[in-house]
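Okay, so here's the structure we're looking at.
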Amino acid sequence: MRERLVVGNWKMNPPNIADAVELARAVAARPHGGVVVGVAPPTIALAAVADALRGRDIAVYAQDVHWEERGAFTSQIAASMLRGLATGTIVGHSEVRRDQCDDDARVAKKLARVAESGLRPLLCVGESAAEHGAGDATAVVARQIELDLAGASRRGLERLVVAYEPIWAIGTGNPATADHASAAARAVRAALKRAGLDADIVPVLYGGSVSARSVAEFAKADGIDGALVGGASLDPDEFAAIVRAFG
Ligand code: PEP
């Protein structure tokens with residue numbers, strides 16, 4: 001039985017550290033029925049949120065990390081700086097790929113660093129609207145997996161999580177269908193196997209406009225083990241309902 005996991009990606013939404021801590025406490029106060037829960041606060045709130053959640057069974061994730069360990073990289077965060085604050089980090093989110101020009105080569109370097117650091121990597125892949133329209137979704141995610149895993153040690157990837165996030169579904173209120181997500185999860189696992197990983201133990205999450213209303217079909221979708229949740233993770237009651245759907 002694979003782990004069931006739901007992670008809330010708060011992006012740049014909590015307006016300040018105090019609000020992020022309040023949201024973290026609200027998430028921790030709600031029942032999650034055996035589902036593994038994580039939250040990814042903005043970097044500036046990581047330490048305060050980690051503190052607020054100490055001793056609670058909620059994992060804290062960073063939203064991104066740099067591939068170098070030290071040096072002249074203004075504004076960036078090294079994996080070693082996350083020790084004690086986060087159990088893992090998102091890598092390759094489409095908004096970082098879009099806004100910070102992260103291509104697969106950069107994502108691969110980040111993933112290699114995360115794997116080496118002992119943090120849990122949560123790798124995001126997913127096709128654009130144009131690629132979706134052309135019927136290329138599974139080919140695109142398979143290629144991303146191949147390129148993104150290129151430099152990482154297989155031992156460091158033992159706790160890898162993959163989030164399949166079609167870009168056209170993120171923040172649009174228009175989620176993929178469960179069948180589409182399942183087909184992508186199959187393509188992800190086939191690519192993981194080709195890359196030498198035990199794909200059967202890797203949780204594959206679906207992300208893209210998951211809400212309390214849309215979650216039920218993903219919770220029973222073949223090959224989908226949880227969700228990466230953006231907008232709906234900012235409402236602790238709605239997030240708790242999404243978490244419980246995977247229980
Ligand atoms: C995301 O960006 O990771 C995401 C899934 O966002 P939303 O749930 O808002 O579509």
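The values are calculated or read from the model by the stated rules, or taken from the named source; none is laboratory data. Just so it is clear, the model here is predicted, and its values are computed rather than measured. When we count neighbours, we look across all protein chains shown, and the Cβ atoms used for this are built from the backbone with ideal geometry, even at glycine. Only protein heavy atoms, including side chains, enter the accessible area calculation; ligands, DNA and RNA are left aside. Shrake-Rupley method; radii C 1.70, N 1.55, O 1.52, S 1.80 Å.
Points worth noting:
- Among the strands (runs of 3 or more DSSP E) confined to region 1-100, the ones with at least 1 residues that are touching an Asp or Glu at 6+ places or on another chain (Cβ under 7 Å) and within 30 Å of D198 (Cβ to Cβ) are located at 5-9, 36-40, 88-91.
- Taken together, the residues in region 10-66 that are out of contact with any Phe, Trp or Tyr (no Cβ under 8 Å at 6 or more places or on another chain), within 16 Å of the ligand (Cβ to nearest atom) and under 13 Å from V243 (Cα atoms) amount to 1.
- Any hit, region 205-218, residues being in contact with a helix residue (DSSP H, G or I) (Cβ under 9 Å, 6 or more places away or on another chain), within 12 Å of the ligand (Cβ to nearest atom) and at positive phi: yes
- Filtering region 142-201 to residues that are more than 13 Å from the ligand (Cβ to nearest atom), surrounded by fewer than 16 Cβ atoms within 10 Å (Cβ to Cβ) and touching a residue at least 60 places away in the same chain (Cβ under 8 Å) leaves D200, I201.
- Residue ID - surrounded by the fewest Cβ atoms within 10 Å (Cβ to Cβ), chosen from residues in region 55-66 that are closer than 18 Å to V35 by Cα and free of Cβ contacts under 8 Å to residues at least 60 places away in the same chain: G55
- Region 67-80 - residue that is in contact with a helix residue (DSSP H, G or I) (Cβ under 9 Å, 6 or more places away or on another chain) and open to solvent by 60 Å² or more (accessible area, probe 1.4 Å) and, of those, nearest to R159 (Cα to Cα): E68
- The combined condition, being touching a residue at least 60 places away in the same chain (Cβ under 8 Å), more than 15 Å from the ligand (Cβ to nearest atom), within 22 Å of T89 (Cα to Cα) and open to solvent by 10 Å² or more (accessible area, probe 1.4 Å), is not fulfilled by D237.
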